[in-house]
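**Q** Once you've had a glance at the structure underneath, I'll fire off some questions.
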Amino acid sequence: MSYLSQMAGLAWHNFTSAAAGLGVALALARGLTRKPDEKGDKGVGNFWVDLIRAIVYVLLPSVWFSHCCWCRKGWCRPSLVTITSRPWRERRR
C-alpha cells in the first residue's frame, strides 16, 4: 500500500467517524424534540442524510477555514526534503 492510499484512507475514516458522531447526536436531539405526526409516527430521520450534511456543512468548511488561517500564518509549508527523505533508513555508502 502506498503512502498516498494510506493517507487518503485515514483521512476518509477521520471525516466519516466525526460525521457519524454528529449524525447520531443530531438524530438523538431530533428524536427527543420531535412531535408525532398525524399517523402517530415519531421517526428520527435518515442517518445518511445527516452524515452527508455533517461532512458538507460542518466539517469541510471548518477544515477549509482552519487551512486558510494556517496558510496565512505560514504554518503549512511542506518541504520536499521532509517529504522524500526517510530518516529511518541508513544511507549506503
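**Q** Please count how many residues of segment 29-41 are surrounded by 11 or more Cβ atoms within 10 Å (Cβ to Cβ) and without any contact (Cβ under 8 Å) to a residue 12 or more places away in the chain. Before you say what the answer is, go through the steps one by one.
**A** Start the filter on segment 29-41 by keeping residues that are surrounded by 11 or more Cβ atoms within 10 Å (Cβ to Cβ), which leaves 29-31, 34.
After this cut, where a residue has to be without any contact (Cβ under 8 Å) to a residue 12 or more places away in the chain as well, the list is 29, 34.
Number of matching residues: 2.
**Q** Also: Would you check which residues across segment 50-93 are aromatic (Phe, Trp, Tyr) and either at pLDDT 80 or above or surrounded by 10 or more Cβ atoms within 10 Å (Cβ to Cβ) (or both) and list them?
**A** Correct list: 57, 64, 65, 70.
**Q** Return the pair list, or none, for Cβ contacts closer than 8 Å from residues in segment 2-17 that are among the β-branched types (Val, Ile, Thr) to residues that are part of a helix (DSSP H, G or I), at least 6 apart or on different chains.
**A** 16/51; 16/55
The values are calculated or read from the model by the stated rules, or taken from the named source; none is laboratory data. Owing to the predicted nature of the structure, the values given are computational and were not obtained by experimental measurement. When we count neighbours, we look across all protein chains shown, and the Cβ atoms used for this are built from the backbone with ideal geometry, even at glycine.
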